[in-house]
C-alpha cells in the first residue's frame, strides 16, 4: 500500500473556489488528500488595513493547525507576494518550516519556478484586481526579468466576489491577452474558477495556462516527491519537469 500524501493548504477566509478545485486536482493522485486551514482575508488592496491581513503571525497560526494533521507539505494558495514582493513568500516558507518542521511552498513561488523551468520571460496576466494592485504585480515581475506583454483586470476589491466571475468572462479575457502571443497566460488569483478551463484554453490558443490554484498543487506535489504528471486534464503545467 502506498504511503498517503497529505497536502496542507493555507486558504484566505473568504475564498470559495480554491478548496473544491484543489481537492478535485489532488484526487488524480493515488493516496493524496488536501487539508485546509483559513486565516482572515476579505479584500485585496494596497491600503494598510488590507495589507495587514497578510501579517505572518496570522498565517503561521493557521499553518500550526495544519501541522496537527501531520501534513507532508504546507502550501500558501494565495498570490499576495505578487504585490508584496516575492521575498514575502520566501520568508513565509522559511518561518513555516522553522515553526512546524514541515516544508512549505506558495502559489507564486511555484508559478515562478514553472516560468524558470520553461525559460518563459513574456507572460500575460488575467486577474480580478484593482488598477494599483495589478500595476504592482506587473512591476514586480518586470524587476525579475519577466515582462507582461498583455494584461486584463476587473477592478474588484472584495475577495469573496472574485469567485463570482463567470468562466466565460475569464475565457474572453484570456483570448484577448493571447493576441500578444505570450509564453504563458497566468490567471493570478486563487479565488477564480479558471483551473478547469486549462485544457480548453490551451487547445484553442496553443498557449499554456498557469492558474495559481494549479501552480500551488504542482508545487506541493513536487515538495513531497510525488510526480505531478499523474494529474491529467488540468493543464500541461503538470507535465513539466
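The values are calculated or read from the model by the stated rules, or taken from the named source; none is laboratory data. Computed from a predicted model, the values in this text were never measured in an experiment. All Cβ positions, glycine included, derive from the backbone under ideal geometry; neighbour counts span all protein chains shown.
On inspection, residue 74 qualifies as in a strand (DSSP E or B), under 27 Å from residue 210 (Cβ atoms) and touching a residue at least 12 places away in the same chain (Cβ under 8 Å).
Filtered by the rule that a residue be over 17 Å from residue 164 (Cβ atoms) and either touching a helix residue (DSSP H, G or I) at 6+ places or on another chain (Cβ under 9 Å) or modelled with pLDDT under 95 (or both), the stretch 7-23 gives 7, 8, 9, 10, 11, 22. Can you find a residue in the stretch 35-46 that is in contact with a helix residue (DSSP H, G or I) (Cβ under 9 Å, 6 or more places away or on another chain), under 30 Å from residue 181 (Cβ atoms) and not assigned by TED's automatic domain parsing to the domain that holds residue 155? Checking the stretch 35-46: at least one residue is in contact with a helix residue (DSSP H, G or I) (Cβ under 9 Å, 6 or more places away or on another chain), under 30 Å from residue 181 (Cβ atoms) and not assigned by TED's automatic domain parsing to the domain that holds residue 155. Among the residues of the stretch 91-109, those identified as closer than 14 Å to residue 56 by Cα and out of contact with any strand residue (DSSP E or B) (no Cβ under 9 Å at 6 or more places or on another chain) are 91, 98, 99.
Looking across the stretch 84-107, the residues that are assigned to a helix (DSSP H, G or I), closer than 24 Å to residue 69 by Cα and under 16 Å from the mean Cα position of the chain (by Cα) come down to 89, 90, 92, 93, 107. Number of residues in the stretch 112-140 that are free of Cβ contacts under 8 Å to residues at least 24 places away in the same chain and touching a strand residue (DSSP E or B) at 6+ places or on another chain (Cβ under 7 Å) equals 2. On the given criteria, is residue 88 within 23 Å of residue 129 (Cα to Cα) and buried (at least 16 other Cβ atoms within 10 Å of the Cβ)? Yes.
Table: residues versus (1) in the same structural domain as residue 13 (by TED's automatic domain parsing); (2) closer than 18 Å to residue 45 by Cβ; (3) out of contact with any helix residue (DSSP H, G or I) (no Cβ under 8 Å at 6 or more places or on another chain).
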| residue | (1), (2), (3) |
| --- | --- |
| 131 | no, yes, yes |
| 135 | no, yes, yes |
| 150 | no, no, no |
| 158 | no, yes, yes |
| 168 | no, no, yes |
| 195 | no, no, no |
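Of all residues in the stretch 19-49, those satisfying the criterion of being part of a helix (DSSP H, G or I), touching a residue at least 40 places away in the same chain (Cβ under 8 Å) and in contact with a strand residue (DSSP E or B) (Cβ under 7 Å, 6 or more places away or on another chain) are 22, 26.
Rundown of residues vs (1) under 20 Å from residue 133 (Cβ atoms); (2) assigned to a helix (DSSP H, G or I), yes/no style:
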{"position": "189", "(1), (2)": "yes, no"}
{"position": "216", "(1), (2)": "yes, yes"}
{"position": "219", "(1), (2)": "no, yes"}
{"position": "229", "(1), (2)": "no, yes"}
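Taking the stretch 232-241 as the range and being assigned to a loop (DSSP other than H, G, I, E, B) and buried (at least 23 other Cβ atoms within 10 Å of the Cβ) as the test, the residues that pass are 234, 235. It is to be established whether one or more residues within the stretch 64-78 are surrounded by fewer than 16 Cβ atoms within 10 Å (Cβ to Cβ) and under 30 Å from residue 184 (Cα atoms). Within the stretch 64-78, not a single residue is surrounded by fewer than 16 Cβ atoms within 10 Å (Cβ to Cβ) and under 30 Å from residue 184 (Cα atoms). Evaluate the stretch 51-60: report whether one residue or more is part of a helix (DSSP H, G or I) and farther than 27 Å from residue 141 by Cβ. The answer is yes; a qualifying residue exists.
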